[in-house]
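Every number in this text was worked out from the coordinates using simple rules, so none of it is lab data. Not measured: the values here are computed from a predicted model. Note that each Cβ is placed from the backbone with ideal geometry, even for glycine, and that neighbours are counted across all protein chains shown.
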Amino acid sequence: MAKKPAAGASTPATVALTAANVAFTPHSYAHDPAATSYGMEAATVLGIDPERVFKTLVADVGGTLAVAIVPVNGTLDLKALAHALGHKKAAMADPALAQRRTGYVLGGISPLGQRQQSPTVLDASALDHETIFVSGGRRGFDVELSPTDLIALTQATTAKIGHPA
């Protein structure tokens, strides 16, 4: 895997990966503004099994914003996320608040290089793969890296927080 993003692909996520000396491969594609699912669009355009492409979601868990990373072909189990972080309930965060907190736009929120670090939970299914894909920090740009590197960089815990669609 490469350690540098392609020209014009520098984002806070790739800067964080490069600074940490983590191996990753950037994947750019032409984003279709009419796409209704950014993650499934990435899986389709890049020709990757959707189980290896993960979406980054922001939720309010016990009054604190948290990051959940789940496969794009499934949904987030909010109760499981809350439990993984030691709380009873969770709700999706207001989209504007998620954008302000992370520094990224919806559809391009990366778990890496966020403006403010948040408690992070990665769906345990990520550990079934040698590498996974997450947003690289903008629509039409994903990065491929090992789940263990993602866990280390985001200080994530792992738990079964995703449900197949």
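Run the dipole for segment 14-111 about the Cα centre, Lys and Arg Cβ at +1, Asp and Glu Cβ at -1, nothing else charged, and hand back the magnitude in debye, nearest 20.
In total the dipole reaches around 360 debye.
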List the aspartates and glutamates whose Cα lies under 16 Å from the Cα of Lys88, skipping any in the same chain that are fewer than 8 positions away. Asp60, Asp77
Here, Arg100 and Thr148, labelled 7 Å along Cα→Cβ, have an inter-label distance in nm of 3.9 nm
Given the chain, what whole percent of its Cα pairs are spread farther than 27 Å? 15 percent
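Under 13 Å from the Cβ of Leu112, count the other residues' Cβ atoms, weight Lys and Arg +1, Asp and Glu -1, and hand me the total.
Numbers: positive: Arg115, Arg138; negative: Asp142, Glu144, Asp149.
Here the count lands on -1.
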Over the residues of segment 1-91, compute the C-alpha Rg and express it relative to 2.2 N^0.38 Å. 1.28
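For a quick protection proxy, order the peptides 51-61, 69-79 by their average other-Cβ count within 10 Å, most packed first. Could you put the intermediate results ahead of the total?
On the way: 51-61: 23.2, 69-79: 20.2.
Output ranking for 51-61, 69-79: 51-61, 69-79.
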Relative contact order, percent, the chain [alpha-carbon distance under 8 Å, six or more residues apart]: 27 percent
Label points 7 Å out from Cα along the Cβ direction at Met92 and Arg115: separation in nm? 2.1 nm
Nearest-20 debye value, the chain charge dipole, Cβ charges on Lys, Arg, Asp, Glu: 540 debye
Zone residues, segment 107-124, relative to Thr157, backbone N less than 16 Å from point 7 Å out along Cα-to-Cβ: 118-124
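Summing -39500 (n - 2.57) over the DSSP H runs of n ≥ 4 in the chain and dividing by its residue number, what mean residue ellipticity at 222 nm do you reach, to the nearest 500 deg cm²/dmol? Could you put the intermediate results ahead of the total?
Working: 5 runs with 40 residues, N = 165.
That calculation yields -6500 deg cm²/dmol at 222 nm.
For Lys160, what is the net charge nearby, where nearby means another residue's Cβ is under 11 Å from its Cβ and Lys, Arg count +1, Asp, Glu -1? Write out the running numbers ahead of the final one.
Details: positive: none; negative: Asp77, Asp123.
The answer is -2.
Under 9 Å from the Cβ of His27, count the other residues' Cβ atoms, weight Lys and Arg +1, Asp and Glu -1, and hand me the total. Don't skip to the end; give the middle numbers.
Details: positive: none; negative: Asp142, Glu144.
With Lys, Arg at +1 and Asp, Glu at -1, the neighbours total -2.
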